[in-house]
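One structure is given here, and the rest of the page talks about it.
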Amino acid sequence: MIVFFGRDEERSYQAHIAGSHHFASGSFAARMPELVLATSGKDTLVFHCALSQVRGPSCARMFSDYLSESKEDSGIKNIMVLERGFNGWEISGQPVCHCKDAPCKGTCS
């Protein structure tokens, strides 16, 4: 499983889910081929934004459509949206990180 952070450029100064990849929603469409490469060997992708009400679900839908139209087999079987988004994740005490690594190595909390 791999987690994608669909917020704008906010990752540079906000916390994020430890181990997540950041693909800003504003440039997401142009970066979808890069996302396919970043997900090599993964079968489940989880998208989110702050609340998972707009940007995260929009990116998940856009990526699902992109894969449906693609002729290559990405190996991705599940595309999900994190319920309650990053805010819900953080409030529930799950691991967050403040690093600026891309992708996050998940070593901070």
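The values are calculated or read from the model by the stated rules, or taken from the named source; none is laboratory data. From a predicted model like this one, the values you see are computed outputs, not experimental measurements. All Cβ positions, glycine included, derive from the backbone under ideal geometry; neighbour counts span all protein chains shown.
Things worth noting here:
- Filter result (buried (at least 17 other Cβ atoms within 10 Å of the Cβ) and in a loop (DSSP other than H, G, I, E, B)) within the stretch 25-52: 28, 39, 49, 50, 52
- Flag if residue 106 is over 12 Å from the mean Cα position of the chain (by Cα) and surrounded by fewer than 13 Cβ atoms within 10 Å (Cβ to Cβ): no
- Lone qualifier among 19, 41, 26, 106 - being on the phi > 0 side of the Ramachandran plot and without any contact (Cβ under 8 Å) to a residue 40 or more places away in the chain: 41
- Given (1) modelled with pLDDT under 90; (2) touching a helix residue (DSSP H, G or I) at 6+ places or on another chain (Cβ under 8 Å), number of the condition residue 20 does not satisfy: (2)
- Test: residue in the stretch 3-15 that is aliphatic (A, V, I, L, M), free of Cβ contacts under 8 Å to residues at least 60 places away in the same chain and crowded, with 16+ Cβ neighbours inside 10 Å: no
- Single residue of the stretch 66-109 satisfying the filter (among the small types (Gly, Ala, Ser) and part of a loop (DSSP other than H, G, I, E, B)) that is modelled with the lowest pLDDT: 109
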